[in-house]
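Have a look at the structure below before the remarks.
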Amino acid sequence: MTTAPTKRAHEKSPEPTAKKQRVDTMTAAGEIDEDLHSRQLAVYGRESMRRLAGASVLICGMRGLGAEIAKNVILAGVKAVTLQDTTACELSDLSAQFYLAEADVGANRATACAGRLQELNPAVAVTVVADEISDALCAKHQVVVCTDVPLERATAIDAFCHDNGIAFVRGDVRGVFGSLFCDFGPAFHVADTDGEEPHTCIVASVSNEATPMVTCVDDDRVELQDGQSVIFTEVRGMTELNDGKPRKIKNVKAHSFQLEEDTTSYGAYTGGGIATQVKETKTLKFKTLKDAMADPGEFLLSDFSKLERSPALHLGFAALEKFAASNGGELPKPGDDADAAAVVAVANELNAAAPAGAKLDDVDPDGVLTLLAKTSRGCVSPMCAMFGGVIGQEVVKACTGKFHPLFQWFYFDSVESLPPIETLTAEEVAPEGSRYDAQIACFGRTLQRKIEKQKIFLVGAGALGCEFIKNFALMGLCCGEEGKVTVTDDDVIEKSNLSRQFLFRDWNIGQAKSDCAANAAKAINAKLNVVPLQNRVSPDTEDVFDDAFWSGLDVVVNALDNVNARLYVDSRCVYFGKPLLESGTLGTKCNTQMVIPGLTENYGASRDPPEKSAPMCTLHSFPHNIDHCLTWARSEFEGAFEKSPAEANAYLAKPEEYAAAARAAGDASARENVEKAAECLLGSRCSTYEECVRWARLRFQEVFHDKIAQLVYTFPQDCVTSTGNAFWSAPKRFPHALTFSTSDASNLVLMRAMANLKAEVHGVTRPEWVTDDAAFAAAVDAVPVAPFEPKTGVKIETDPKATAAVSGSDMDDEATINDLLEKLDAVRATFTADYRLEVIEFEKDDDSNFHMDAIAGLSNMRARNYDIPEVDKLKAKFIAGRIIPAIATTTAMATGLVCLELYKALNGAKMEAYRNTFANLALPLFAMAEPIAPKSFAFKDLKWTLWDRWVLEGDFTVKELLDWFAAKELTAYSVSCGQSLIYNNIFPKHRERMDQKVSDLVRTVAKLEVPEKRSHFDIVVACEDEEGEDIDVPLVSIKFR
């Protein structure tokens, strides 16, 4: 066994000045580097990450699939990975193995790629074994993964693993077919089958019955299921339920469920209560590979249009194994009819020998087995990426017990990606001595040449973008003289990116993502023609991504992480009639959508429902979960350190203009803005650090004591509503004021964070004693705090539909604005002309900036007010920072699936060939379906969809335009450009425009200047038929020059 070298000898190391040494992801004490793994921690949690950090994994076979698995497992952060391979690298390996180069041909595969794999995560010990797999080698690992290992040998390895508590995974990719098998032993415990947060319900009532009914508040649906268990807390009256014992439930309805427990003798329910789902451990009994070959059980399905495909592929892969065993380990020759017939004959023999109940009526349905045989020597990057993601996730499950393992077989094919079968002759798929031979064995030389000529736009170079451009380089996409891939991303690399954006290294932190991704992809395939840009794709950059750019594209691939950008790119693709391949991930979940001109609906045709937000009164006065507390805390942070200083700076920059605008508006909104500026410059301006400490201490007193005490004074615990119901009924939680103490560490951490941030806003230097707890506590204790005195007549918003805070109805906005502006003018005279405050924008990923200390502290004090369970800083970061959970395995799978669809787009496939996918690796679940066709419209003999645009050539007058529509028996009664109305038949003056050129009206009325390089402009024409019914016609483009 050898330790992986840090670099291959023939590779050039980065300049020492550019390279930053990575801090180990796991410290000696076993702590997790949360800056690096924050997105992954959001998926797995600390306990699973610690288990990963103690696991050793053996990966056998270092062709494309093995490399994908190793990449994903190393990025996940296991303790050690051993790479095993006895064979030498061949040139055709480069079609899917991204860490091999032409210079490695003839070298041991594992040895050649180990250095680059080690770079992914220096905290993982990567070692190489070039000898055969042995029991002794397997015994050193918790998980053994076999790729390209013959069935007979794999069966023996699995038997040893099964008997010795070692998880076994076997995966193989043969062309566009894949096989996966898992055996995690006779008794594998799954601690969390789905990875979702336990569901909770706020209890409204519990009956005293033999089968009691539990009703819940109707704010949210009950997400529990029959047969699950819950634990009750905070129940008043029926306190017997608070014993921490899990209770089975049944008859779950939208807002209620029943308990399988007699409560007739319990105390009567009087209020309160939270029911929380119990995540129960599940134990699975796996069969060995030998037993599962004979009796496979149920297969995991990916496509319900292929219900009978898995049994046929189970037989087909077995026939391939037997064929290879009889032919010196060689698989059938590409496109060879005789070899394919021999494989089908073997399949018939195996089928004939199978038990009666397991026999198939047809071993080669739709010629699938024949295709498997003819393409089995192929190895393509998208299949390796997809299966590498799935298998990598199974390895993580085996190491952690997190998520439900595959039980036990998964077969997959993408035969729809292949060109017409009749074109794949033996000559067409024969090797040509290039790095693409393993892809040519499936798709042929003709498609390979077409792949190389493509002009692709890759939007985004983050996690998805890295995987995509790697796949492009391996496929040879845009690698011909005429080909080009343009990749754009306006972001730079951060430390947290390194756990999944695998093309980036420590020394790239701070550099442009698109540049680094392009350089890394060219290192995979020097012939890749890639142009990296740092422009955001939006209406603001249409001078960069102009008509000529879009018109010259063949395919657009989105690798974005926000909906608005996706919608814009989608609109451009619809406008220019370009295929758009869309995908996204969320933790273990991914979705892919194919947007094909003329065939499918576009991305923007359907939307997810908007996220539900809490009412303002809930956030301000009646929170009942930690999300409410964190949302409030972030709002407090942004108000004090970003919005108020920014408003103050707006005043300081142009005081006369600011004052004039505020006085002219004279409304509540203007008053609130002036109050923000006054808060920073008058009410809480600090010139010494002690003043910052004073502000922080008094702010604590105001928010966590005085306001709560006032709330309780206004609405005491026995308060009732106008209808006679208890005011403090679920989901409201009765609060209590906090008493500050410097002996409480959480109070002190919050004070230090708030004082430091206040000092930063006002440019105050922090004294050295800030880091001394005793000295800092003394400074806080020295702040005089006035005792609280309740006020009468205070208005507190209780209406959940209200969107603004209550203000006194007698408040004179204009008078307040004038008074504050006079005071601001007076204090401004004491400032230098260039005096400005520091505006602090929230940054979640820098633990040295005190942002998360402040937000976590504010949130937890708020939670303490209302007896809501507090959270640690990491959990607070996930919620307040709106961190999107992300892992490398899901990303790899998603991009593999999309690139399989890309082959279809290049083949000009029909609608029924395409697949949109939703997948969840945690379950695991695949749901593939044919895309939805676009909505179609028809009038007379005209038919159109959203993909159509009517292009009129000529410099039309308004009358000529109306006549054009009249010839189609349509009455055009309104013409607009942008927000401007060019013509409408209800306005008599518009009739004067009939003889004017539409191009002139667009310029004079709509104020649109058409760039010189654009020959057309767009207008929206509203039409009706002869009966006066509106007809939605396509967008109209007038090519006037």
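The values are calculated or read from the model by the stated rules, or taken from the named source; none is laboratory data. The shown structure was predicted, so the numbers you read here are calculated from the model rather than taken from an experiment. For neighbour counting, all protein chains shown are included, and Cβ atoms are generated from backbone atoms with ideal geometry for every residue, glycine included. Please note that ligands, DNA and RNA were not included when accessible areas were found on the heavy atoms of the full protein model with its side chains. Shrake-Rupley method; radii C 1.70, N 1.55, O 1.52, S 1.80 Å.
A few points about this structure:
- Taking Cα atoms only, the orientation of helix 626-638 departs from the longest principal axis of the chain by about 70 degrees.
- Within the full protein context, the accessible area of Ile249 is estimated at about 0 Å² for a probe radius of 1.4 Å.
- Most to least packed among 383-394, 94-105, 866-877 [average Cβ atoms within 10 Å]: 383-394, 94-105, 866-877
- When peptides 789-802, 881-894 are ranked by their average number of other Cβ atoms within 10 Å per residue, the highest-first order is 881-894, 789-802.
- Eligible lysines near Lys285 by straight Cα distance, threshold 20 Å, same-chain separation 8 or greater: Lys397, Lys402
- Order by protection proxy (mean Cβ within 10 Å, highest first), peptides 578-590, 614-626, 292-304: 578-590, 614-626, 292-304
- For semi-axes √(5λ) of the Cα gyration tensor in Å, the value computed from the atomic coordinates appears in the list (i) 63, 44, 34; (ii) 53, 42, 31; (iii) 57, 32, 30 under label (ii).
- Extension gain from Asn564 to Gln996, taking 0.36 nm per residue of separation minus the Cα-Cα distance: 151.8 nm
- Across Lys612/Lys844; Lys453/Lys522; Lys795/Lys823, pairs whose alpha-carbon gap is larger than 18 Å: Lys612/Lys844; Lys795/Lys823
- C-alpha long axis of helix 851-865 to longest principal axis of the chain, angle in °: 70 degrees
- Per the Kirkwood formula applied to alpha carbons, the stretch 200-278 shows a radius of gyration over Rh ratio, Rg over Rh, of 0.91.
- Since only Thr1004, Phe286, Gly271 are under comparison, the one whose Cα sits farthest along the positive direction of the charge dipole of the chain, derived from C-beta charges on Lys, Arg, Asp and Glu, is Phe286.
- Integer Hz, Karplus 6.51/-1.76/1.60 couplings in order for the stretch 133-147, x for Gly and Pro: 6, 10, 4, 4, 5, 4, 5, 7, 10, 7, 9, 10, 10, 10, 10
- For Ile982, the residues whose modelled amide H falls within less than 5 Å of its own, excluding neighbours fewer than 5 places apart on the same chain, are Val975, Ser976, Cys977.
- Contact order for the stretch 200-278, expressed relative to its length and based on alpha carbon pairs under 8 Å spaced 6+ residues apart, stands at 44 percent.
- Per-residue Karplus couplings for the stretch 713-730, computed as 6.51 cos²θ - 1.76 cosθ + 1.60 with θ equal to phi - 60°, are listed in order as 5, 6, 10, x, 4, 9, 5, 10, 7, 5, 8, x, 7, 4, 5, 8, 9, 3 Hz, Gly and Pro entered as x.
- The H on the amide N of Val555, modeled in the peptide plane, is under 5 Å from the matching H of Lys455, Phe457, each at least 5 residues off or on a different chain.
- With contributions of -39500 (n - 2.57) from each DSSP H run of at least four residues, the per-residue ellipticity at 222 nm computed over the chain stands at -11000 deg cm²/dmol.
- Antiparallel %, DSSP beta bridges [both residues in the chain], to 5: 65 percent
- Crossing angle, helix 655-665 versus the chain [Cα axis fit, 0-90 degrees, rounded to tens]: 80 degrees
- In the chain, a dipole from Cβ-located charges (positive for Lys and Arg, negative for Asp and Glu) runs towards its positive end, and of Ile840, Val206, Thr147 it is Thr147 whose Cα lies farthest in that direction.
- Sequence-ordered 3J(HN,Hα) estimates for the stretch 981-993 from the Karplus curve with 6.51, -1.76 and 1.60 and θ = phi - 60° stand at 8, 7, 7, 8, 6, 7, 9, x, 5, 5, 5, 5, 8 Hz, glycine and proline given as x.
- The H on the amide N of Leu925, modeled in the peptide plane, is under 5 Å from the matching H of Asn920, each at least 5 residues off or on a different chain.
- Using heavy atoms of the protein chains and a probe of 1.4 Å, the accessible area assigned to Arg1003 is about 100 Å².
- The stretch 391-454 and the stretch 762-790 have Cα centres spaced 64 Å apart.
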